[in-house]
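This report concerns only the one structure given below.
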Amino acid sequence: MINIVFELDDKFARHCAAVIVSVMKNHTIASAEDRIHFFLLCNLTEENREKLLSLKQTWDFEISFINVDETLFAKLPLDNNSPTLYYRLLIPEILPENVEKIIHLDSDLILNADIKRLWDIKLDGYLIAAVLDEPKINRKKTYINAGVVVYNIKALKEFGFCKKWRDYADVLPQGVKLQYYDQDILNYIIDERVLFLEPNWNVEKYNLSLLTGGNLENLGTLIYSLNIIHYTTQSKPWLPFSEHPLKHLYIKCAKLTPWGNQAGEHSFFERMVYLSKLLLKFWIVHPLFFFKAKFWARVKEYGFVETII
């Protein structure tokens with residue numbers, strides 16, 4: 001059995017469904033060992049649970065919903081975000097005892113290859129396997145992106161991961177900011193026992209630029225080698241004005257879910273309301289942006305919407 005875990009709230013239920021569809025579309029079940037069990041860490045409404053369960057009418061998989069006690073994260077900063085940010089910290093302890101290995105996937109990505117290829121990677125001697133994130137100032141060179149992670153559950157339990165993150169939460173100063181929340185915590189706690197995966201297992205904006213040499217015209221020949229597309233920027237493929245060059249992969253899968261009528265369809269009014277909100281938000285943070293040469297240089301390079309979000 002191939003084990004896959006998500007953490008999500010009602011807002012991301014439809015996007016998680018698209019990920020599940022992408023997994024199943026690209027997966028071949030040759031034996032009982034190839035069957036997939038999805039574990040969803042969530043506190044969803046009954047309606048959203050039923051919609052996710054309805055995918056079993058088309059695809060052959062197992063699914064378990066595991067409720068999460070959000071008070072466990074009371075000492076961690078949220079900054080008006082959903083507590084689901086921290087659900088994955090519970091992965092080594094909240095799953096059934098017989099689960100010794102699991103693949104964690106964010107709900108803002110799409111599979112473009114058979115998940116079994118990732119599952120078959122050996123974790124002997126490693127706590128996790130993941131892809132390096134974009135290098136930044138004050139980041140250690142081994143900083144990983146936590147959107148796609150293979151967890152060695154047995155090794156993490158022996159390592160005492162869950163006690164370590166709780167101890168970390170206990171000593172966090174009040175009002176402290178974490179830029180990437182659970183991802184920062186995971187990177188802080190995990191030692192050097194990380195197996196680094198090839199960038200095509202987590203193709204976020206940074207890795208897409210690396211793999212194409214900065215030239216998106218190369219996508220035509222590269223697309224079949226991009227195993228997982230991770231929509232990490234604010235320009236998500238389901239949002240109005242999304243300029244992601246691979247958003248069509250998400251839309252194709254989303255149309256096969258119970259939320260298919262919401263995939264990639266935005267009225268003129270919805271687009272204008274969304275743009276107005278973006279402008280207002282950007283104006284509050286950067287009131288003089290129209291007068292800065294740096295702003296217009298970024299617009300020329302990335303586009304107007306990509307710049308303001």
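The values are calculated or read from the model by the stated rules, or taken from the named source; none is laboratory data. A quick note: this is a predicted structure, and the numbers were derived from the prediction, not measured. Ideal geometry is used to build each Cβ from the backbone, glycine not excepted, and the neighbour counts take in all protein chains shown.
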Point to revise | Restricting the stretch 114-148 to residues that are of a type in the set (Val, Ile, Thr) and touching a residue at least 60 places away in the same chain (Cβ under 8 Å), the residue that is surrounded by the fewest Cβ atoms within 10 Å (Cβ to Cβ) | key: Ile121
Practice item. Pull up the stretch 4-17, narrow it to residues that are assigned to a helix (DSSP H, G or I) and either aromatic (Phe, Trp, Tyr) or in contact with a Phe, Trp or Tyr (Cβ under 6 Å, 6 or more places away or on another chain) (or both), then point me to the one that is nearest to Ser64 (Cα to Cα). Key: Cys16
**Study point:** Residue that is farthest from the chain's Cα centre (by Cα) [pool: residues in the stretch 84-93 that are buried (at least 19 other Cβ atoms within 10 Å of the Cβ) and not aliphatic (A, V, I, L, M)]
**Key:** Pro92
Review point. Among the listed residues Leu53, Leu111, Leu76, which satisfies the condition of being among the hydrophobic types (A, V, I, L, M, F, W, C), out of contact with any Lys or Arg (no Cβ under 6 Å at 6 or more places or on another chain) and under 22 Å from Ile190 (Cβ atoms)?
Key: Leu76
Check your understanding: With respect to Pro77, is the statement that it is surrounded by fewer than 19 Cβ atoms within 10 Å (Cβ to Cβ) and modelled with pLDDT of 95 or more true?
Key -> no
Practice item. Would you check which residues across the stretch 172-218 are in contact (Cβ under 8 Å) with a residue 60 or more places away in the chain, among the β-branched types (Val, Ile, Thr) and out of contact with any Ser or Thr (no Cβ under 7 Å at 6 or more places or on another chain) and list them? Key: Val176, Ile185, Ile190
**Study point:** Selected residue [surrounded by fewer than 18 Cβ atoms within 10 Å (Cβ to Cβ) and closer than 16 Å to Glu134 by Cβ] from Asp184, Asp170
**Key:** Asp184
Check your understanding: Could you say whether any residue in the stretch 119-132 is modelled with pLDDT of 95 or more, of a type in the set (Phe, Trp, Tyr), more than 30 Å from Ser209 (Cα to Cα) and part of a helix (DSSP H, G or I)?
Key -> no
Review point. Can you name the residue in the stretch 141-153 that is outside any strand (DSSP E or B) and under 22 Å from Leu211 (Cα atoms) and is also modelled with the highest pLDDT among such residues?
Key: Tyr143
Review point. Is the stretch 99-114 home to any residue that is in a helix (DSSP H, G or I) and under 22 Å from the mean Cα position of the chain (by Cα)?
Key: no
Exercise for review: Inspect the stretch 53-71 for any residue being assigned to a loop (DSSP other than H, G, I, E, B), in contact with an Asp or Glu (Cβ under 8 Å, 6 or more places away or on another chain) and buried (at least 17 other Cβ atoms within 10 Å of the Cβ) and give the result as yes or no.
Suggested key: yes
Review point. Restricting attention to the stretch 1-46, which residues are acidic (Asp, Glu) and free of Cβ contacts under 8 Å to residues at least 60 places away in the same chain?
Key: Asp10, Glu33, Glu46
